[in-house]
Amino acid sequence: MPGPLPGHPQSEGAPRVEVVERPDHDKDGTMTTVPQPTADTRWRCTLCGNLTRFDVTRSSKVVEYVHLDLAGEPTVEEREVVSETIESVRCRWCNAVDRIELVDRPGAGS
């Protein structure tokens, strides 16, 4: 069987990508559990310290009551979230993905 094509990651001289294992990450480096903020905590980027700007990718399963007017325009009048999973969180300041931690909110517990 022929070897890898030129430029393929397994080719000689191609840069190697090293995955550092962490207990809260899969072998591919993705975060296994995204911590959920609570009434007393919020997210903080562990690389740059951002507390306010994040892109959140989530999957939701919802049941919606949709009302169509006589012209056929839909309006969602009720929405029930059956399940929701946060898949990843990206910091808007430094673009770090899934590098977040929970920190206390100002005035929490006082």
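Please treat every number below as a calculation from the coordinates, not as lab data. None of these values were measured; they are calculated from a predicted model. Please note: Cβ atoms are built from the backbone with ideal geometry, for glycine as well, and neighbour counts cover all protein chains shown.
Quick notes on this structure:
- Estimated vicinal HN-Hα couplings, Hz - segment 67-74 in sequence order (Karplus 6.51, -1.76, 1.60; Gly, Pro = x): 9, 9, 6, 5, 7, x, 7, x
- Positive contributions from Lys and Arg (+1) and negative ones from Asp and Glu (-1), summed over other residues with Cβ under 13 Å from the Cβ of Leu51, come out at +3.
- Here the Karplus relation 6.51 cos²θ - 1.76 cosθ + 1.60, evaluated at θ = phi - 60°, turns the backbone of segment 82-97 into coupling constants of 7, 8, 8, 10, 7, 8, 7, 10, 10, 6, 6, 7, 10, 6, 5, 9 Hz, with x for every Gly and Pro.
- Amide H contacts of Ala96: Cys91, each under 5 Å away and 5 or more positions distant or on a separate chain (H built 1.01 Å from N in the peptide plane; Pro and chain starts excluded).
- Amide H contacts for Ser88 (H built 1.01 Å from N in the peptide plane; partners 5 or more residues away or on another chain; cut-off under 5 Å): Thr57.
- Cα-only radius of gyration and Dmax that characterise segment 41-104, units Å: 17.3, 53
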